[in-house]
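For reference, the structure discussed in these notes is given below.
The values are calculated or read from the model by the stated rules, or taken from the named source; none is laboratory data. Values in this document were obtained by computation on a predicted structure and should not be read as measured data. Heads up, the Cβs are rebuilt from the backbone with ideal geometry, glycines too, and the neighbour counts pull from every protein chain shown.
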Amino acid sequence: MTQTQKDPAKSLSSIDTSVAMGDKAATSSQNPKCLFCASPLAQTFVDLGMSPLCESYISREQLNQMEPFYPLHVRVCDQCFLVQLQQYVSPEHIFTEYAYFSSFSDTWLAHARDYVDMIAERLKLGSSSMVVELASNDGYLLQNFVKKGIPALGVEPAANVAKVAVEKGVPTLVVFFGRNTAEKMVANGKKADLIIGNNVLAQVPDINDFVGGISILLKPHGVATLEFPHLVKLMEQNQFDTIYHEHFSYFSLISVEKIFAAHGLAVFDVEELSTHGGSIRIYARHANDTSMPVSARLVDLRNRELALGLDRMNTYSSFAEQVKATKRNLLEFLIQARRSGSKVVGYGAPGKGNTLLNYCGIRTDFLDFTVDRNPYKQGKFLPGTHIPIFPVEKIDEARPDYVLILPWNFKDEIIKQMARIRSWGGKFVVPIPNVQIIP
Ligand SMILES: [Zn+2]
């Protein structure tokens, strides 16, 4: 849910990172190299054309100004099979204002609570343990450890969200995570029994520095759990809208195992989760810590990925055509709805919505407006498409025929919350994996 680089002026190590990444961005745009193994990247996975940064919401004053667009061209490495987006923008340009607060989603809060109950029990964590979460956002997850009396520390580079965490009683370092930060934390006696990274690994520009940092920070018998969207689901379910400039890596289990192994870490267990359209949670430990054996479900998922052909380049070549078909189907629905005089609005203003709308060319000619519960987004406009964002109540006022759910990963929650649109005959539309109308 959170990213690793926002508000870069706030910490020393962030300045180091952005300088380093600026250099890398400059060279990689001429000669793209794999983020992990540095092999030349020759094969396209999908090319979504030019798109603005998906979290750069536009204010009314900015509507008449120039807006930068960058390529969304995803490639796959033929050596390590990491699917990846080149870094086109240096981190200080990516997040000027961080609008995402994890606490705005009920489903995600419940997911965090369940995880904490499970892991505290599984690892027998107590008052002498240390839990560290990387990209801890507003403390929505760590607050559950604090309530149990388990010491917890957040690492969150966005000062505005970290401040909210501290107010909740969750100690939080405002800093970027990598080897440097890990070494400083260890020097301050903060080695971790448990390191958590939820929806951060994909957004790390220097994956070797980040995973190397985990290896440094983790106690000899410590465990790291990381959650990220699963490439298999992205491919099977046409989830191309989860591709955006802030997401550099799209992981399979076999690619992430290679990356962790290169830093002395072994993945020993994995769970498949329904969050974000299908994620995996990996459990990693030091490679030489054999106290925790490799689970049967890890071997099973690895074998399924191999059976799907994720270690062969031709498996990756059909995705682009699938994406084009999804675009044509969505446009077909919208054109027909508008021709017949139906009113269509959006629900939500997530990053994935911006990839979808920009790639498909959907502007206010198709969607009158969208709504979002997050007050930071209300009153602003979607990047690129300039669709206005209103509070949710705007839907009750407009009484649209169709509500297009942009954060489709939360569709069940949204359909429940917005069930009242049925009172005027309104229907829900989900764009991914295929256009689906839900009366
Ligand atoms: Zn590679």
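From the list 299, 323, 256, the lone residue that is within 16 Å of residue 200 (Cα to Cα) and either out of contact with any Asp or Glu (no Cβ under 6 Å at 6 or more places or on another chain) or at pLDDT 95 or above (or both) is 256.
The one condition from (1) surrounded by fewer than 17 Cβ atoms within 10 Å (Cβ to Cβ); (2) touching a residue at least 40 places away in the same chain (Cβ under 8 Å) that residue 131 does not meet is (1). Residues in region 45-91 that are within 16 Å of the ligand (Cβ to nearest atom) and surrounded by fewer than 15 Cβ atoms within 10 Å (Cβ to Cβ): 79 alone. Taking region 410-430 as the range and being of a type in the set (A, V, I, L, M) and either crowded, with 16+ Cβ neighbours inside 10 Å or at positive phi (or both) as the test, the residues that pass are 414, 415, 418, 421, 429, 430.
For the structure I just gave you, tell me whether residue 407 is at pLDDT below 95 and surrounded by 17 or more Cβ atoms within 10 Å (Cβ to Cβ). When the stated conditions are applied, residue 407 passes them. Looking only at region 379-394, decide whether some residue is without any contact (Cβ under 8 Å) to a residue 60 or more places away in the chain, closer than 23 Å to residue 240 by Cβ and not in a helix (DSSP H, G or I). Yes, because at least one residue in region 379-394 is without any contact (Cβ under 8 Å) to a residue 60 or more places away in the chain, closer than 23 Å to residue 240 by Cβ and not in a helix (DSSP H, G or I). Considering region 132-179, and only residues there that are of a type in the set (Ser, Thr, Tyr) and within 17 Å of the chain's Cα centre (by Cα), the residue that is nearest to residue 225 (Cα to Cα) turns out to be 136.
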